[in-house]
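Here is the structure we will look at, set down as structure tokens.
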Amino acid sequence: MMKAAQSRSDAVLAEAFSEIAIEASLAILAVDFRKAGTRRKADNSPVTRADETAHAVILEKLAHAVPDLPVVSEEACEAWRGRAPGAAFILVDPLDGTAEFIAGRPEYTVNIALIRDGTPVVGVVAAPALGLVWRGAVGGGAERLRFSAGDKRVGRAEPIHTRTSPSTPVAAVSRTHFDAVTASFLKRLGPVKEIPFGSALKFARLAEGAVDVYPRLAPTFEWDVAAGHALVAAAGGIVVAPDGQALRYGRAHVEFRVDGFIAWGDAAAARRML
């Protein structure tokens, strides 16, 4: 009974996060990527007015929707330096794929995730330029829906699921962060069709059964991964560390770094490889 109640509660949160992600998406779309005031942060990564505007919208909306939950956002991560956010918190990347946004490519996303006891349990990935939102609650399934930037209409949610891996699996690879270690891993899989994507769009395509595996064996951060992790898990897949162990979130002591991961649509195929 308690699990059923938790699942219903998480599904409600997934819907609330979807509405917030759409609001953030509309704020991003209102910024001209050619005049976005791009500058470099201390770690040399780019940030724009679109990142900052989306961050402000998300924090404001979350404060109303879930006032008791702390929020860790990429654009305010310094506030958590040296202190853990607790057992339950929200991880946010207001604009994942800023380099794609600056280049005028549509492959950037808004990522919102609920973390409970170190594990992502609710995840929403919105693609503003594509008018798409993917959402999932672990144990409650995953869905895709469309929205219109012009009149804020939201379409009917369609259930999505990962697929059984075919004889020649399709791998989602990073358009801007592909590395030699990841290339070596893909060679070990045998014949693979590689498709480059930007941002957490790779998780979304995996969750809806368009691709089969997404390896990222270079360091990244929790806000880049958590929403997609929850989405893939809700859709029937798994996301694990390169050695097959569980990924843990809320690791403020290492500045929320993730050393690498592999996302699989087919859990059985993953077990054969790990």
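The values are calculated or read from the model by the stated rules, or taken from the named source; none is laboratory data. Just so it is clear, the model here is predicted, and its values are computed rather than measured. Heads up, the Cβs are rebuilt from the backbone with ideal geometry, glycines too, and the neighbour counts pull from every protein chain shown.
When 222, 194, 143 are screened for being modelled with pLDDT of 90 or more, out of contact with any His (no Cβ under 8 Å at 6 or more places or on another chain), acidic (Asp, Glu) and not assigned by TED's automatic domain parsing to the domain that holds residue 254, only 143 passes. Counting the residues of the stretch 60-82 that are outside any loop (DSSP other than H, G, I, E, B) and either closer than 19 Å to residue 120 by Cβ or without any contact (Cβ under 8 Å) to a residue 12 or more places away in the chain (or both) gives 13.
Being in contact (Cβ under 8 Å) with a residue 24 or more places away in the chain, on the phi > 0 side of the Ramachandran plot and part of a loop (DSSP other than H, G, I, E, B) holds for only one residue in 199, 165, and it is 199. Of the residues examined, residue 176 is not one that is among the β-branched types (Val, Ile, Thr) and in contact with a strand residue (DSSP E or B) (Cβ under 7 Å, 6 or more places away or on another chain).
When residues of the stretch 110-143 are filtered for being farther than 20 Å from residue 58 by Cα and touching a strand residue (DSSP E or B) at 6+ places or on another chain (Cβ under 7 Å), how many remain? Matching residues across the stretch 110-143 total 4. Scanning the stretch 33-44 turns up no residue that is free of Cβ contacts under 8 Å to residues at least 60 places away in the same chain, in contact with a helix residue (DSSP H, G or I) (Cβ under 7 Å, 6 or more places away or on another chain) and assigned to a helix (DSSP H, G or I). Kindly establish whether residue 50 is of a type outside the set (S, T, N, Q), part of a helix (DSSP H, G or I), touching a residue at least 12 places away in the same chain (Cβ under 8 Å) and closer than 26 Å to residue 246 by Cβ. No. Taking the condition over 14 Å from the mean Cα position of the chain (by Cα), at pLDDT 95 or above and on the phi < 0 side of the Ramachandran plot, does residue 205 pass? In short, no.
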